[in-house]
Amino acid sequence: MSKAKHRSFLPWWIRRHLAWQDSRAALRARDGDDCWLCHRPMRFGGPPNCGKAATIEHRLPVSKGGTDALDNLVLCHVGCNRHLADHPPEQKERMRINRAAGFAGARAAGRYLRLAAEVRKRQ
Ligand SMILES: [Zn+2]
């Protein structure tokens, strides 16, 4: 029996889950393993609703006319998805840039603290 035929006998929620898994795999191949919003690695194959699990995010929300086309979809954490909610795409893009800037700032601060500790050791 072909895979496609087998699928048609499955209940709708399982078919939806399989379709969701297919698009998740396609997005993962396109974008890699990192969250679209926070750029941190996501967890694949774990429990579906843990904080680091990958979810599909609609950049233009379905409630505002967004589609399930792959170029409207990105992968992000469960928590990040909730954070993005149904904000307009421009605002999501800003949130994403702010996140990246925040991490760059944190990294710079870490470098500074290590440097300061190094200087203290030498004195
Ligand atoms: Zn994230």
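Annotations
- Any pair with Cβ under 6 angstrom, 6 or more apart, that starts in the stretch 58-87 at a residue that is among the acidic types (D, E) and ends at one that is surrounded by 14 or more Cβ atoms within 10 Å (Cβ to Cβ): D86/P61
- Listed by first and then second residue, the pairs linking a residue in the stretch 90-113 that is closer than 14 Å to R40 by Cβ to a residue that is part of a helix (DSSP H, G or I), with Cβ atoms under 9 Å apart and 6 or more places separating them unless they lie on different chains, are R96/L84; R99/C80.
Residue-wise test of (1) more than 10 Å from the chain's Cα centre (by Cα); (2) part of a helix (DSSP H, G or I); (3) more than 14 Å from the ligand (Cβ to nearest atom); (4) closer than 18 Å to R94 by Cα.
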| position | (1), (2), (3), (4) |
| --- | --- |
| S23 | yes, yes, yes, no |
| A26 | yes, yes, yes, no |
| A29 | yes, yes, yes, no |
| L37 | no, no, no, yes |
| C50 | yes, no, no, no |
| A54 | no, no, no, no |
| L60 | yes, no, yes, yes |
| G66 | yes, no, yes, no |
| D71 | yes, yes, yes, no |
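- Selection within the stretch 65-93 - touching a His at 6+ places or on another chain (Cβ under 9 Å) and surrounded by fewer than 15 Cβ atoms within 10 Å (Cβ to Cβ): T67, D68, D86
None of the figures in this text is laboratory data; all of them are computed from the coordinates on show. Note that the structure is predicted; figures quoted are calculated from it, not measured. Glycine gets a Cβ as well: all are built from the backbone with ideal geometry, and neighbour counts include every protein chain shown.
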